[in-house]
Amino acid sequence: MTTLRTLARRSAQERAAVQERCELCSAPIPSEHRHLLDRESRELVCTCKPCSLLFDREAASNGRYRLVPDRRLAVFDIELDDLMWEELRLPVDIAFFVRSSDLGRMEAFYPGPMGATESMLTLEAWEALEAANPVLTTLEDDVEALLVHRAHGARRHWIVPMDECFGLVGLIRTRWRGFTGGKEAWEEIGRFFDGLDRRSRPASRNDGREPTWRR
């Protein structure tokens, strides 16, 4: 298991090498598999397909386990200029935002060589961003995130399942060297985001709707 707070102490490659069985029923699982979020421990749990289907409804397990969705949206026209980014109070240019159902608010994290660090996020700044981009209202609590990549002049944005964020944090933690990261780390980061683009479908910032899980 991997906790949200420590976020990927082992790399994705290390986890893939040891996680060959469902953590609920011990059935063999392929390297590409679904995850559950344990809302009590804030951990991801690797599952086989039959087990994941058991938790496809929020009422399952009295809400303790949430199935991490598998949608990936590349939002090319998001409204997030430099001023709005500064108001979000992120000290770096790669970050992800996830809504905590326990806290009832958005949280912001940025990956680094020590794992993921939580950043202070003002309610007003997030509300302004959400109002400008209705697609952000569709984020599923706890298990989906807005992932932003603005490093080295990039302006790329995705809505992703939380396991993508875990993978990115693990990659940076294991590859980062020195103060700036090093060439190898940034090449790996570039490949991660390029791969995410290939797995994502395009979406508009205006594709917002009231999520059914909040009704």
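Every number here is computed from the coordinates shown, using simple stated rules; none is lab data. From a predicted model like this one, the values you see are computed outputs, not experimental measurements. Cβ sites come from the backbone with ideal geometry, for glycine too, and all protein chains shown count toward neighbours.
Along the charge dipole of the chain, pointing to its positive end and built from +1/-1 on Cβ of Lys, Arg, Asp and Glu, which listed residue (Leu80, Phe55, Ser101) has its Cα farthest out?
Ranked along the dipole, the leading option is Phe55.
So I have [x] 17.8; [y] 20.0; [z] 19.2, and one of them is Kirkwood radius over Cα pairs in Å calculated from this model. Which one is it?
Evaluating Kirkwood radius over Cα pairs in Å on these atoms matches [x].
Using only the Cα atoms of region 66-140, build the gyration tensor, take square roots of its eigenvalues as a ≥ b ≥ c, and label the shape rounded, prolate or oblate: rounded if a/c is under 1.5, else prolate if a/b is larger than b/c, else oblate.
rounded
Quick check on the exposure proxy: order Leu103, Leu73 from fewest to most C-beta atoms within 10 angstrom. Walk me through the numbers before you get to the answer.
Numbers: Leu103 8, Leu73 19.
The order, fewest Cβ neighbours first, is Leu103, Leu73.
To the nearest 20 debye, what is the magnitude of the charge dipole of the chain about its Cα centre, counting +1 on the Cβ of each Lys and Arg and -1 on the Cβ of each Asp and Glu?
640
Exposure proxy check: Trp186, Trp126 ranked by fewest other beta carbons within 10 Å?
Fewest to most other Cβ atoms nearby, the residues stand as Trp186, Trp126.
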